Amino acid sequence: MDPHFHRLSEIPLPLSFSSTYAGSSSSSGSNHDDPWMDPRIWRKLPTRILDRIIAFLPPPAFFRSRCVCRRWNGLLFTNSFLQLFLDIFPHRRHWFLFCKADTQNLIDDNNNNRAEGYLFDPYELVWYRLPFPLVPPSGFSPAASSGGLVCWISDNPAPKTLLLSNPLSGTLNQLPPTLTSRYQPSIGFTVTPTSIDVTLAGDDLINNALAVKNSTAERFRVDGTGCFLPTWQITSPLPRLCNFESAGRMVHINGRLYNMSYHPFNIATYDVETASWWDIQPPMKRFLKCPSVVESGTGKLLLVAAIEKRSLIVPKSLRVWSLQEGTTWVEIERMPQLLYDRFGEEMESCGNGFHCVGHGEFIVFMIPGSSRHLGVLFNMNTKLWKCMPPCPFVGMGDLSRGFAYEPRLATPVTSLLNYQFPAAPFPA
Amino acid sequence: MSTSTDNNASITQESGPSAAVQDIQKKIVVRTADGEVFNLKEEVAMEIDIIKTFFQEDSISYETVMPLPNVEGWEMVKVIEYCTKHVELKHKVDGYKERKAFQALFVQNLSTKSLLALTNTANYLEVKYLLDFLCQAVSEQIKNKDVDYVRELFGVENDFNDEEYEQVKAEAPWAHENLNNDLH
């Protein structure tokens with residue numbers, strides 16, 4: 001039997017509703033009069049319910065809870081616990097992950113060479129330093145994140161090798177090399193519990209690697225249906241006048257990828273299934289500065305940009321638009337003027353514009369190259385703009401553009417890759 | 001008691017006596033462990049799977065008072081409160097803020113011990129969304145607590161020796177770094 005199909009049956013599927021409910025009592029018992037040890041309470045709390053509570057812990061608390069006892073320590077490797085964790089999957093955490101902008105400089109405090117990222121929890125406003133086990137400290141750069149996996153892409157201008165890493169479970173999987181040699185292609189990366197879908201666009205090396213041109217897009221997909229071969233396919237030529245930034249991030253919404261194109265500003269839109277491209281005009285095109293497309297929890301594409309209207313006496317501002325009905329933009333938010341006065345001023349003095357990344361209800365704004373800690377967090381649900389606490393590990397101005405990262409203890413979908421491309425440590 | 005024709009007349013009048021309207025809505029009666037009796041509106045009662053199964057699937061008459069020997073009166077009050085709100089919000093298009101505000105108030109005066117008892121009850125009564133909410137609420141309360149607190153709360157014994165404990169801690173040093181948060 002094809003080992004591929006055998007593997008598929010190992011992917012834990014969400015439990016059916018009835019199995020959520022545990023039977024009665026856990027077995028641990030003791031009878032002292034300690035007020036915490038009310039026998040009626042904890043003696044009745046079934047193990048499965050306790051595990052459910054643990055599964056809801058945010059990642060740092062979960063990893064601390066592993067120190068409680070041996071059983072809790074082992075939960076991370078227990079199928080029934082991981083199934084429970086996947087069962088509560090709809091409970092999303094909209095965190096962010098940043099790396100150092102200069103990825104050559106990956107020597108940490110102990111003079112160890114290792115790949116690491118900086119995790120930001122926008123709910124608690126806390127930073128964590130997160131190592132990436134197995135990812136080689138050089139030769140690869142972080143490119144995208146989805147469904148708990150972080151995608152690293154090889155730096156060499158050659159056929160690209162992609163590594164998918166889950167920093168919490170410590171797994172690493174490798175994709176086959178791309179068909180085309182590329183320099184710094186734009187990437188669209190979408191991971192669901194049952195599929196991995198990657199599209200690379202542009203930066204094709206042509207003329208024996210002497211020139212770079214935006215020629216083609218290619219796609220890799222694995223899912224449980226068996227409709228896709230686990231190899232790259234060139235899917236389409238790129239539109240003639242597209243001009244993507246290096247290592248651009250394509251935003252995925254409902255089967256479409258959106259990528260910012262420059263000179264002139266345009267949003268290149270790609271329908272993955274039909275492999276067709278078209279353009280969407282941004283609003284206020286002539287006055288935009290540093291536009292970027294951003295995903296959001298609303299399911300609509302957002303455009304974030306600064307407005308600099310030099311010809312009119314209109315205050316400079318930072319605005320957020322939402323794409324309605326495919327072509328109409330509606331302005332939904334503006335950074336409060338006082339905040340933008342500071343932000344815009346720092347932006348001018350650093351001269352590198354600003355970075356922006358969205359995840360769920362949050363949008364993060366940062367100024368690359370800035371020595372002041374001006375990171376801004378916007379919550380679309382509460383409409384609050386906050387200053388982010390500075391990253392204790394690296395200056396905010398030295399951080400790369402962030403990724404929308406969802407911490408997940410397990411990403412069983414990677415088993416779809418195992419049978420052909422076993423996870424092996426990449427030779428350093 | 002009003003006859004059925006009287007009830008129909010109440011429906012068509014614009015301002016009928018509220019008691020008559022309540023007669024039309026079916027009520028389900030349960031009795032908790034401490035002898036308290038609760039009248040639930042049918043739509044709320046059907047949110048509680050154990051009740052739904054008892055009356056609908058086993059076709060027991062609504063006249064029967066269902067015993068809930070594992071549930072305390074105060075717990076039933078809370079469960080009814082949550083399910084009633086849940087049913088109310090089902091019909092609203094954008095109830096996000098309202099739900100969040102309600103949830104915050106719901107757990108506000110509950111000790112962790114009471115939360116645990118309520119969680120157990122939600123499991124017994126089989127109300128999945130309430131169970132999930134309560135498990136999440138408990139995990140929120142304990143997420144920044146130290147290891148000893150958690151052990152005491154759940155009655156778990158530490159079966160690590162010092163060396164093993166340090167080893168487990170060292171596997172995820174990033175989780176134990178507390179440079180700018182309030183771990184205690």
- request: Using the charge dipole of segment B:49-146 (Lys, Arg: +1 at Cβ; Asp, Glu: -1 at Cβ; taken about the Cα centre), state which of B:Val71, B:Leu116, B:Ile142 has its Cα farthest towards the positive end.
  value: B:Ile142
field: Rounded to whole Hz, the Karplus (6.51, -1.76, 1.60) HN-Hα couplings of segment A:195-205, x for glycine and proline
entry: 8, 10, 10, 10, 10, 10, 9, x, 6, 5, 8
- prompt: Roughly how much of A:Trp95 is accessible, in Å² to the nearest 10, using a 1.4 Å probe?
  reply: 0
task: Calculate, axis by axis, the spread of Cα positions in segment A:110-259 along the three principal axes, and write the results as whole Å, longest axis first.
output: 45, 39, 27
message: Above 26 Å lies some portion of the pair distances; for segment A:223-352, what is it as a whole percent of all C-alpha pairs?
response: 31
query: What total accessible surface area, summed over both chains, is buried at the interface between chains A and B, computed with a 1.4 Å probe and given in Å² to the nearest 100?
result: 4600
- request: Between the alpha-carbon centers of segment A:337-416 and segment A:178-216, tell me the distance in whole angstrom.
  value: 26
- request: Calculate one ³J(HN,Hα) per residue across segment B:97-112 by plugging θ = phi - 60° into the Karplus curve 6.51 cos²θ - 1.76 cosθ + 1.60, and present them in order as whole Hz with x for glycine and proline.
  value: 5, 5, 4, 4, 5, 4, 4, 4, 5, 4, 9, 4, 9, 9, 6, 4
message: Just to compare against my own numbers: the Cα pair-distance distribution for segment B:78-184, 5 Å bins, whole % per bin, please.
response: 2, 9, 16, 18, 15, 12, 11, 8, 5, 2, 1, 0
task: Run the accessible area of segment A:128-269 with a 1.4 Å probe and give the carbon-and-sulfur part as a rounded percent.
output: 54
- line: Distance in nm between B:Gln103 and A:Glu325 label points, each 7 Å along Cα→Cβ, equals 3.4
query: For peptide B:152-162, how many partner chain Cβ atoms fall within 10 Å of a residue's Cβ, on average?
result: 6
statement: Averaged over residues of A:70-79, the number of beta carbons from other chains lying within 10 Å of each residue's Cβ is 2
- line: Two pseudo-spin positions, 7 Å from Cα along C-beta at B:Gln167 and at A:Leu338, lie apart in nanometres by 5.6
field: Residues with amide H under 5 Å from that of A:Thr216, placed H, sequence gap 5 or more
entry: A:Gly202, A:Asp204, A:Leu238
Förster radius 60 Å - calculated FRET efficiency between A:Leu179 and A:Ser349, Cβ distance, rounded to 0.05: 0.85
query: Largest first, how would A:His263, A:His359, B:His86 line up by accessible area (1.4 Å probe)?
result: A:His263, B:His86, A:His359
- prompt: With every protein chain left in place, what is the accessible area of A:Ser370 in Å² (1.4 Å probe, nearest 10)?
  reply: 10
- line: Note: A:54-62 gets an average of partner chain Cβ contacts (10 Å, Cβ to Cβ) equal to 6
- request: Using packing as a proxy for protection, rank B:64-70, A:289-295, B:119-125 so that the peptide with the highest average count of other Cβ atoms within 10 Å comes first.
  value: B:119-125, A:289-295, B:64-70
Segment A:Ala158-A:Glu273, length gained on full extension (0.36 nm per residue, minus Cα span): 38.7 nm
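The values are calculated or read from the model by the stated rules, or taken from the named source; none is laboratory data. These numbers were taken from a predicted model, which means no experiment stands behind them. Every residue, glycine as well, gets a Cβ built from its backbone with ideal geometry; the counts of neighbours run over all protein chains shown. What goes into the accessible areas is simple: the full protein's heavy atoms, side chains included, and nothing from ligands, DNA or RNA. Shrake-Rupley method; radii C 1.70, N 1.55, O 1.52, S 1.80 Å.
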